[in-house]
Structure formats: C-alpha cells, structure tokens
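What follows is one structure encoded as structure tokens, with my remarks underneath.
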Amino acid sequence: MKKVLVLGCTGSIGTNTLEIIRKMPEHFIVCGLSAHTNKEKLFTLSKEFSCPYVLTSDKDASLEKLINDTKPDIVVNGIAGSAGLLPSKIVLEAGVDLALANKETVVMAWPLIKKLANSKNVKIIPVDSEHSAIFNLINQIKTENISELIITASGGPFRNHTKEQLESVTLEDALKHPTWNMGKKITIDSASLANKGLEVIEANRLFNFSADKIKVLVHPQSLIHSIVRTNDGMLYAQISDPDMKHPIFSALTYPENAKSCLKQFDLFDCSMTFFKPRTDDFPMLKYAFKVAETTDSYSIAYNAANEVAVEAFINKSIKFNDIPVIVKKVLDCDWSKVPESFEEVFDMDARARAISKDFL
C-alpha cells in the first residue's frame, strides 16, 4: 500500500487524486494533505481520510516537517503556478518520488530539479495529461526509436474566433472551456494557448527533445493526449476520455501497469478532428517555441510575465489580447543569464514580474 501526500488537495488535481484513493483504498492511503487557504475543506478531507497531518500556506507552516511526519512513498504536487516550484524542491530534497502536475517546476528550473532528483535517486513522474502520455509512450517505445513528439491541444474556447473577435472577448468568455474543468489561471492559459506553450517548454526539458522535434496539434475532442512518431514514420497515440484521473492513476501506480478503476474509453461512435494551431492569432504558442530553444532564463521570464498578465486580465485591468503583448515586451529584455541556484531562479522570476508590472 502506497502512502500518498497530496499538495493542493482542494484544487482540481488534488480532488481527482483523492477520488482515485477513495475508489482504491486497498492500494493507497492518504498520509498528508495541504491546501492554500481553504481551511474548511482541508479539515473536512482530513476527517474523511483519517489524516491528522495537514498544512496550509501560512507563513509559519513547514512542508519539511509534514514530509518528515508523514513519510510518504509519493507526493502529488497539484499546486498551481510558480508557487509549486519550492514544494517540488522540498519533496525531492527529502528523497521522495514526485508525481508532478506543476509544469512551472520544469519550465522555471528543470536543470536544477533534474540534478536534485538524480542526486537523491528519486523519480519525477509527469501528471499533465500530455506529458503523462508521452512518458508512457516513451517507456513502451524507447527514446532512441522516436523522432518527433506531437502534443495535442483542445484549442480552448476561442478556437474558432477570428482575430477581430478576439479583441472583444471577456473574462467570462475565456473561462468557458469546452472540454476541461480547471482553475481560472490554467483555463485562461488554455484560451490563449499559453498553457500549450508551457507544455512545449516542459516537453523539451523533460524528454530532451529539441523544439524543432516537437509539434502541437489542435484536437478539440481531447481524446488523444499526445502522439509520438517513430523513426519509421509511424504514429503512436495514447487515447482516453478527457479525465485527469487517468494520468494521476498512471503516476500513482508507476512503474506497474495496474488495472484501472476508471472508465475505459470506447472507440465506437467516436469522432476525432485535427487542425493546425493559429500561432499568428495566438502568439503565446509561437513565443514558447522560441523560448524552448534557449537554455537560459527566458522560460522563467515567459512564465512570470504570463502569470502577471493573466492576473491583470482576471482583475479586468487589461484585455485578453494584451496578455501576449506584455509577455513579448518582457521577453525582449535580456534573459541570457543561466541560473546556477534556486535562489537565482527566484531572483529572475521576481525581476520578470517587476518588469511586467512596469509595462502594465
């Protein structure tokens, strides 16, 4: 039986993780829970799972102590945004396997995170549906046999909007995702294709594929989660319902290919369509491909500027189309320094946020 510590237990990833554990109590036990500010739900979950070890993001709270007290076999990091990087670092320093849904950990600090994981001999298992799919396909097919990664994208709520229509979309429009039920920030990122941009950078770092070997394919049904092309030109895809419990289950049970408690996908009466992304109308994806080619601090700047811009859009102080404008202005600055420590990563992140706010 695996002991699971869930970070961000009241969010989308945390909620789905706990749903799997409810269905498989003979395989998993909740040993610890953390939440940002929703103390009421946190303590309700603590009571349900008979879990006395809980943590909120109060300044005096200690994740190190929570890990020491609970001694988990695996930690699920479902914390959203750049706030998830430090918890990832702490988990790996404790020598615990990390089921990672926080893409910013990879985008901001992959060389340092990878070095830390290797030094502690622990595994990082991706939980993003696209990267989980690639991770599993690579495990089956092997990296040396793969020539290209193809990441699918739903296209978000504005997939069919013209450039002119995008000028007048509202926050309420951006939050109406056609496929996934997620938090505000990631839903807006999906609408702007910034989320797919972050996933391109993440795939480049995680799987060591150059940006020119990564493609994005708009697939509105979100049934194919990623595709790999092998050296002989053949395509291999991972297909399932658009349910985050699938990649979470895969991470929790890795390296076993365990029998799932989840609904199996049925190909009968299934329709799938595919389109090229419109990078001129959704430039956040175009910028991400350029950032993925770098090995310095541009990915930190991309993520930080986007977080600041999205927050401004949520507060209705800028328009939707202003998000890529702000990010481009920040990326036009010099980010050529390679961070050699986590402190330097956080310094670069703070600098990018300050520049973004100046532009705002």
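For the reader, a short list of remarks on this structure follows.
- For the stretch 281-297, the residues whose backbone nitrogen is under 16 Å from a point 7 Å from the Cα of SER210, taken along Cα to Cβ, are 289-295.
- Computed from the alpha carbon atoms alone, the convex hull of the chain holds 142 Å³ per residue.
- Computed with a 1.4 Å probe over protein heavy atoms only, the accessible area of ASP232 comes to about 110 Å².
- Counted residue by residue at 0.36 nm each, then reduced by the alpha carbon distance between them, the extension gain from LYS263 to LYS316 reaches 15.1 nm.
- Extension gain, ASP296 back to GLU256 (0.36 nm per residue minus Cα-Cα distance, nm): 10.8 nm
- For the residues LYS259, LYS89, LYS23, a GNM of the chain with alpha-carbon springs under 10 Å puts the largest fluctuation on LYS259.
- Each other residue within a Cβ distance under 12 Å of ASN16 adds +1 if Lys or Arg and -1 if Asp or Glu, for a net charge of +1.
- Scattering profile of the stretch 164-224 at q = 0.15 Å⁻¹ [log10 I(q)/I(0), Debye over alpha-carbon scatterers]: -0.56
- Taking the empirical scaling 2.2 N^0.38 Å for compact globular proteins as reference, the stretch 249-324 has a Cα radius of gyration ratio of 1.69.
- When the stretch 243-290 is reduced to its Cα atoms, the Kirkwood hydrodynamic radius in Å: 14.5 Å
- Net charge dipole, the chain: roughly 320 debye, given to the nearest 20, about the Cα centre with Cβ charges of +1 for Lys and Arg and -1 for Asp and Glu.
- Here the scattering of the stretch 224-360 is modelled by Debye summation over its C-alpha atoms, one equal scatterer each and no solvent; at q = 0.09, 0.17 Å⁻¹ the log10 of I(q)/I(0) is -0.46, -1.02.
- Shape category assigned to the stretch 104-195 from the gyration tensor of Cα positions, a/c cut at 1.5: prolate
- Here the Debye sum runs over all C-alpha atoms of the stretch 28-67 as equal scatterers in vacuum, and log10 of I(q)/I(0) at q = 0.34 Å⁻¹ comes out as -1.21.
- GNM on the chain, alpha-carbon springs under 10 angstrom: the most fluctuating residue among LYS123, LYS47, LYS185 is LYS47.
- Computed over the Cα atoms of the stretch 199-299, the ratio of the radius of gyration to the Kirkwood radius (Rg/Rh) comes to 1.00.
- For the options GLU104, GLU167, GLU199, a Gaussian network treatment of the chain with springs between C-alpha atoms closer than 10 Å singles out GLU167 as fluctuating the most.
- Accessible area of ARG278 in the full protein assembly, 1.4 Å probe (Å², nearest 10): 80 Å²
- Cα gyration tensor category, rounded, prolate or oblate, for the stretch 121-262 with a/c compared to 1.5: prolate
- Neighbourhood net charge (10 Å Cβ-Cβ; Lys/Arg +1, Asp/Glu -1) for TRP110: +2
The values are calculated or read from the model by the stated rules, or taken from the named source; none is laboratory data. Only a predicted model underlies this, so the values are computations on that prediction, with no experimental measurement involved. Note that each Cβ is placed from the backbone with ideal geometry, even for glycine, and that neighbours are counted across all protein chains shown. Areas reflect the complete protein model, heavy atoms only, side chains present, ligands, DNA and RNA absent. Shrake-Rupley method; radii C 1.70, N 1.55, O 1.52, S 1.80 Å.
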